[in-house]
Structures are given as structure tokens and as C-alpha cells.
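A.B. asks: Structure in C-alpha cells, see below.
The values are calculated or read from the model by the stated rules, or taken from the named source; none is laboratory data. What you see is a predicted model, and the numbers here were worked out from it, not measured in a lab. With ideal geometry, Cβ positions are generated from the backbone for all residues, glycine too; neighbour counts draw on all protein chains shown.
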Amino acid sequence: MNKQIFVNLPVKDLERAKTFFGALGFSFNPQFTDANAACMIVSGDIYVMLLTEPFFQSFTRKPVADAHKATEVLVCLSCESRAEVDSLVAKAVAAGGQAPREPQDHGFMYQHGFEDPDGHIWELVHMVDNPPAQA
């Protein structure tokens, strides 16, 4: 059995978050989506649970971080090409997110990213299949 991962993120406005990520092409599993949470499907084994802040708070005694002021997590997704990286960043910006820094080309890896409307940072990477050998 493959392991699955469920990343849980607090959001201030669940409908805004669903609209934002829907604009990036993500869909939601209605079985695990209600007024408090939305289960965003990243792949067959990766899901992001977008939880309203009060619901998120019910899972922890610690204060919920304001992602606009502090970084609580960096979510990194692999992409199939540089074009997919750039396309997702462009869609995120068009949907109300922002690109906090310029793309980085490391030769073996291309990366860029965006912040969603709640301030969560999403890194996007495309890894070269056959990186050059080290000298």
C-alpha cells in the first residue's frame, strides 16, 4: 500500500481558497469537503486539507501561525516541466496570489513559487531527468 500525505493548512476564507486553487487546476474531493474543510487533490496519494482557522485550531493547542507574518511550512510540488512551473505561478498570480521571488535555475533543477491568499508558500520544481555528472 502506498503511503498518502495530507497536508493541513489553515485558511481565513474557505470559499476564496477553493476558488484560488480551482483556478490553478486543482479539484476537490466532495466526500471530505464541507463548510469547515476542503480536500484538495494534488495526486492519487497527495492531498491538501484546507481548513477554516477555527476548525484547524481544534486540532492543536498551539496558536495558529499567521502565514503573512511567519513561515510555518514550505509546500513543494514537483512539476513535469519548466513550462508547468511557470504556468502554475502565472495562474496563481492571476488568481490573487503573488510570486515573492524570481525563478531559480540551478541546472539540475528549475524552481519558482507563489504565495496563496493566506500567505502559504508553495515551491514548484522541475528536476532534470539526467543531471550533468559532477567533475
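A.B. asks: Assess whether Pro54 counts as being free of Cβ contacts under 8 Å to residues at least 40 places away in the same chain, loosely packed, with under 12 Cβ neighbours inside 10 Å and part of a loop (DSSP other than H, G, I, E, B). Reasoning before the result, please.
C.D. replies: Working: free of Cβ contacts under 8 Å to residues at least 40 places away in the same chain: yes; loosely packed, with under 12 Cβ neighbours inside 10 Å: yes; part of a loop (DSSP other than H, G, I, E, B): no.
Judged against the criteria, Pro54 is not a match.
A.B. asks: Of all residues being more than 13 Å from the chain's Cα centre (by Cα) and of a type in the set (A, V, I, L, M, F, W, C) in the range 24-51, which is surrounded by the most Cβ atoms within 10 Å (Cβ to Cβ)? Just the residue, please.
C.D. replies: The extreme case among them is Ala38.
A.B. asks: Can you spot a residue in the range 34-43 that is touching a residue at least 60 places away in the same chain (Cβ under 8 Å), out of contact with any Gly (no Cβ under 7 Å at 6 or more places or on another chain) and of a type in the set (Val, Ile, Thr)?
C.D. replies: no
A.B. asks: Is there a residue being over 26 Å from Asn2 (Cβ atoms) and outside any loop (DSSP other than H, G, I, E, B) anywhere in the range 63-80? Even if it seems obvious, please write down each step before you answer.
C.D. replies: Looking only at the range 63-80, we keep the residues that are over 26 Å from Asn2 (Cβ atoms), and these are 63-72.
Now restrict to residues that are outside any loop (DSSP other than H, G, I, E, B): none.
No, there is no match, as no residue in the range 63-80 is over 26 Å from Asn2 (Cβ atoms) and outside any loop (DSSP other than H, G, I, E, B).
A.B. asks: Cβ-Cβ below 8 Å, separation at least six or inter-chain, first residue in the range 71-88 and on the phi > 0 side of the Ramachandran plot, second loosely packed, with under 14 Cβ neighbours inside 10 Å and not in a strand (DSSP E or B): which pairs?
C.D. replies: That search, which allows pairs on different chains as well, returns nothing.
A.B. asks: Look through the range 81-102, keep the residues that are of a type in the set (Gly, Ala, Ser) and part of a loop (DSSP other than H, G, I, E, B), and return whichever of them is farthest from the chain's Cα centre (by Cα).
C.D. replies: Taking the range 81-102 and keeping what is of a type in the set (Gly, Ala, Ser), we get 81, 83, 87, 90, 92, 94-97, 99.
When the remaining residues are screened for being part of a loop (DSSP other than H, G, I, E, B), the result is 81, 95-97, 99.
Values: Ser81: 17, Ala95: 14, Gly96: 14, Gly97: 11, Ala99: 13 Å.
Checked the range 81-102; the qualifying residue farthest from the chain's Cα centre (by Cα) is Ser81.
A.B. asks: Looking only at residues in the range 38-51 that are of a type in the set (A, V, I, L, M) and part of a strand (DSSP E or B), which one is farthest from Arg16 (Cα to Cα)? Break it down stepwise before answering.
C.D. replies: Keep residues of the range 38-51 that are of a type in the set (A, V, I, L, M), which gives 38, 40-42, 46, 48-51.
Now restrict to residues that are part of a strand (DSSP E or B): 38, 40-41, 46, 48-51.
Numbers: Ala38: 11, Met40: 13, Ile41: 17, Ile46: 21, Val48: 15, Met49: 14, Leu50: 11, Leu51: 12 Å.
Within the range 38-51, the match that is farthest from Arg16 (Cα to Cα) is Ile46.
A.B. asks: Can you find, within the range 1-22, the residue that is nearest to Asp66 (Cα to Cα) among those that are within 13 Å of the chain's Cα centre (by Cα) and assigned to a helix (DSSP H, G or I)?
C.D. replies: Ala17
A.B. asks: Additional query: Checking Asp86 against (1) over 22 Å from Glu15 (Cα atoms); (2) modelled with pLDDT under 95, which test does it fail?
C.D. replies: Result: Asp86 passes all but (2).
A.B. asks: Which numbered condition trips up Gly119, out of (1) within 30 Å of Asn2 (Cα to Cα); (2) touching a His at 6+ places or on another chain (Cβ under 8 Å); (3) surrounded by 12 or more Cβ atoms within 10 Å (Cβ to Cβ)?
C.D. replies: Of the numbered conditions (1) within 30 Å of Asn2 (Cα to Cα); (2) touching a His at 6+ places or on another chain (Cβ under 8 Å); (3) surrounded by 12 or more Cβ atoms within 10 Å (Cβ to Cβ), the odd one out for Gly119 is (1).
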